[in-house]
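The values are calculated or read from the model by the stated rules, or taken from the named source; none is laboratory data. Every value quoted in this text rests on a predicted model; they were computed, and no experiment measured them. Cβ placement follows ideal geometry from the backbone for every residue including glycine, while neighbour counts extend to all protein chains displayed.
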């Protein structure tokens, strides 16, 4: 028997993972006013950079239309935040949705669906003067109003430490004021621009992964990308050599993405091969339920919900077995279900999930049950 609803299991400890960064930064900040015409020109010229690899556009058409409506009405617009990244370029920290909404409206195509951008026709949301209109259908005065409207920008520049841009993650997290708060991986996608970030987008298209994640469509909040990163980061000798402690997953993933060694071509190729090979084996051995749990009240019923810590255990154990040249053919769904019934395993996947002994505990039990590795 299998439940019909497929989603992601939320683990409270990981959702509430707010760590304090004790690093000290030398950060300068200043203000500047730009018109939308200037910002769009800077964006087109490459002087104003969006987050790498199509940061997801998450506003709906009503939200986007409402913002254009506010601009046309002359209402105050919240400040945007930019980070100076060198070579006189700036990275959009906060305000991407607002800037891209105006950019899309002026070019006539909405990023949300790549269709012609006309304002919504919702009476209680949009002024009657421009309901259901495109930019080209506005009057010259209204078009000029949008182009010349100014928005205040607060610009940050980190002076030190030179080789560590973790302050940007802190800034993103603390001052993000958009309509929807950014998820941790959305922030990493903005801050840690490099080969690992590019690799995550590549691996996220893996057909076996999409099948086992339970959705062929990529998650607009980038949770699927974070799970891939989670596997790469936890599946290292570094994490398995940790002394007994409780780690911040958020901080650990930040440091892993920002590590320059991990962004070298040698490591990228290793990560690529490891993930692609492991996910293929897992799908072949355990099928579509590979990362699902069983009901706590009925141990014979599969709960069709992606479970992050089961994902950890099955993927890392399989990767280790492959690297050690062991006989993986013994692994099957029956063995996986027996693993899920083990009381210690159930504890390791649900309590103190970021305690290193629980990470090691669930991986070691997976090795034992799935591949006879004691």
**OP:** Might you let me know whether the range 328-340 holds any residue that is crowded, with 16+ Cβ neighbours inside 10 Å, more than 20 Å from residue 229 (Cα to Cα), in the same structural domain as residue 277 (by TED's automatic domain parsing) and within 24 Å of the chain's Cα centre (by Cα)?
**Re:** no
**OP:** Exactly one condition in (1) at pLDDT 90 or above; (2) under 26 Å from the mean Cα position of the chain (by Cα); (3) within 25 Å of residue 89 (Cα to Cα) is not met by residue 37; state its number.
**Re:** (2)
Original post:
How many residues does the range 282-302 hold that are under 19 Å from residue 224 (Cα atoms) and surrounded by 15 or more Cβ atoms within 10 Å (Cβ to Cβ)?
Top reply: 8
**OP:** Could you tell me whether any residue of the range 113-131 is modelled with pLDDT of 90 or more and closer than 16 Å to residue 35 by Cβ?
**Re:** no
**OP:** Return the residue satisfying two criteria in turn: it lies in the range 222-246 and is in a loop (DSSP other than H, G, I, E, B) and modelled with pLDDT of 85 or more, and of such residues it is farthest from residue 362 (Cα to Cα).
**Re:** 222
Subject >> Subset of the range 57-80 that is at pLDDT below 85 and within 24 Å of residue 46 (Cβ to Cβ) - its residue that is surrounded by the most Cβ atoms within 10 Å (Cβ to Cβ) >> reply: 59
Original post:
Any idea which residue in the range 359-374 is nearest to the chain's Cα centre (by Cα), counting only those that are surrounded by fewer than 21 Cβ atoms within 10 Å (Cβ to Cβ) and within 20 Å of residue 9 (Cβ to Cβ)?
Top reply: 361
**OP:** Please tell me if residue 18 is farther than 30 Å from residue 301 by Cβ and at pLDDT 90 or above.
**Re:** no
Subject >> Exclusive hit being in a helix (DSSP H, G or I) and touching a helix residue (DSSP H, G or I) at 6+ places or on another chain (Cβ under 8 Å), set 285, 299 >> reply: 285
**OP:** Inspect the range 338-355 for any residue being farther than 30 Å from residue 250 by Cβ, out of contact with any helix residue (DSSP H, G or I) (no Cβ under 9 Å at 6 or more places or on another chain) and in a helix (DSSP H, G or I) and give the result as yes or no.
**Re:** yes
Original post:
Restricting the search to the range 195-221, which residues are under 19 Å from residue 308 (Cβ atoms) and in a helix (DSSP H, G or I)?
Top reply: 200, 203, 208, 209, 210, 211, 212, 213
**OP:** Go through the residues of the range 235-247 one by one and say whether even a single one is crowded, with 17+ Cβ neighbours inside 10 Å and free of Cβ contacts under 8 Å to residues at least 40 places away in the same chain.
**Re:** no
**OP:** Restrict the check to the range 207-224 and report whether at least one residue is on the phi > 0 side of the Ramachandran plot and within 8 Å of the chain's Cα centre (by Cα).
**Re:** yes
